[in-house]
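I have placed the structure first, in the form of structure tokens, so that the comments after it can refer back to it.
The values are calculated or read from the model by the stated rules, or taken from the named source; none is laboratory data. Here the structure is a predicted model, which means the values were calculated and not measured. Because the Cβ atoms are built from the backbone with ideal geometry, glycine has one as well, and the counts that use them run over all protein chains shown.
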């Protein structure tokens, strides 16, 4: 498994295909496995790079992360791989990372794909929820976090219709380290508001949202579309928050169509 030493951490990544680079950044508390249904289709035409963020999956880290440090990790990884500029996609927390990456290194990014994410910083209630989850993972471990999150992750009917996907999703979440979950919760709690950034995004941008996303509903995508000049919104039918796993073929085709037309 390829890996690079980045800012003192060991970042694991998957690489497939040739051509212009496409970087796919996972959400919380997940890892690069959530993109398994998109890699093959995109790699037919592009060089696809799928990292595990700081401490997640097979990546290893000893120090806490921030949104800025995770964006720096992605920038440095792609610099070492000679994969800049790139098209960058991020789901949920990965979208926060992608927007921070654009803020700090916008020359790196030729196109953006924001999936099931938002630009606004956490509300006071949201920050309190992050703190409660930090206490949960510290006291009861990662499986308790996976249990607590599952209800909001998938469209309601997919818990039965896609039972194997639900099982895989729970396993991915429960397999993460306590440190990675704690650090990323604090990073999300303290992240900058990106609302003012949106008007400055000049690259082509795809906004992809699950029809039944309980965390970031399609109305959030409509708000982003109204603020980002060169953006297009696509709603994935019968999907919740983890669109890449619930409707892998639909998401793969949407990403491929966007990249072929805009990148």
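Brief remarks follow.
- Selection over region 166-187 of residues that are in contact with a helix residue (DSSP H, G or I) (Cβ under 6 Å, 6 or more places away or on another chain) and more than 18 Å from residue 143 (Cβ to Cβ) gives a count of 1.
- Verdict on residue 164 being in a helix (DSSP H, G or I) and touching a strand residue (DSSP E or B) at 6+ places or on another chain (Cβ under 7 Å): no
Yes/no per residue for (1) under 15 Å from the mean Cα position of the chain (by Cα); (2) under 24 Å from residue 33 (Cα atoms); (3) crowded, with 23+ Cβ neighbours inside 10 Å; (4) in contact (Cβ under 8 Å) with a residue 40 or more places away in the chain:
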| site | (1), (2), (3), (4) |
| --- | --- |
| 177 | no, yes, no, yes |
| 180 | yes, yes, yes, yes |
| 187 | yes, yes, yes, yes |
| 193 | no, no, no, yes |
| 198 | no, no, no, yes |
| 215 | yes, yes, no, yes |
| 219 | no, no, no, no |
| 231 | no, no, no, no |
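- Matching entry among 70, 93 (being buried (at least 24 other Cβ atoms within 10 Å of the Cβ) and within 13 Å of residue 6 (Cβ to Cβ)): 70
- When the residues of region 117-130 are filtered to those that are more than 18 Å from residue 153 (Cα to Cα) and surrounded by 13 or more Cβ atoms within 10 Å (Cβ to Cβ), the one that is farthest from the chain's Cα centre (by Cα) is 127.
- Filter result for residue 208 (closer than 26 Å to residue 255 by Cα, crowded, with 17+ Cβ neighbours inside 10 Å and out of contact with any strand residue (DSSP E or B) (no Cβ under 7 Å at 6 or more places or on another chain)): no
- Among the residues here, residue 202 qualifies as surrounded by fewer than 17 Cβ atoms within 10 Å (Cβ to Cβ) and either at pLDDT 95 or above or assigned to a loop (DSSP other than H, G, I, E, B) (or both).
- For region 158-175, the set of residues classified as buried (at least 19 other Cβ atoms within 10 Å of the Cβ) and within 25 Å of residue 62 (Cβ to Cβ) consists of 172, 173, listed by residue number.
- Look at (1) buried (at least 23 other Cβ atoms within 10 Å of the Cβ); (2) in contact with a strand residue (DSSP E or B) (Cβ under 9 Å, 6 or more places away or on another chain); (3) within 24 Å of residue 193 (Cα to Cα) and you find that residue 110 fails only one, number (1).
- Restricting attention to region 237-260, the residues being over 21 Å from residue 43 (Cβ atoms) and free of Cβ contacts under 8 Å to residues at least 60 places away in the same chain number 1.
- With a requirement of 2 or more residues that are without any contact (Cβ under 8 Å) to a residue 40 or more places away in the chain, the strands (runs of 3 or more DSSP E) lying completely within region 1-89 that satisfy it span 9-16, 47-51.
- Within the option set 64, 85, 51, being crowded, with 24+ Cβ neighbours inside 10 Å and more than 23 Å from residue 150 (Cβ to Cβ) holds for one residue only, 51.
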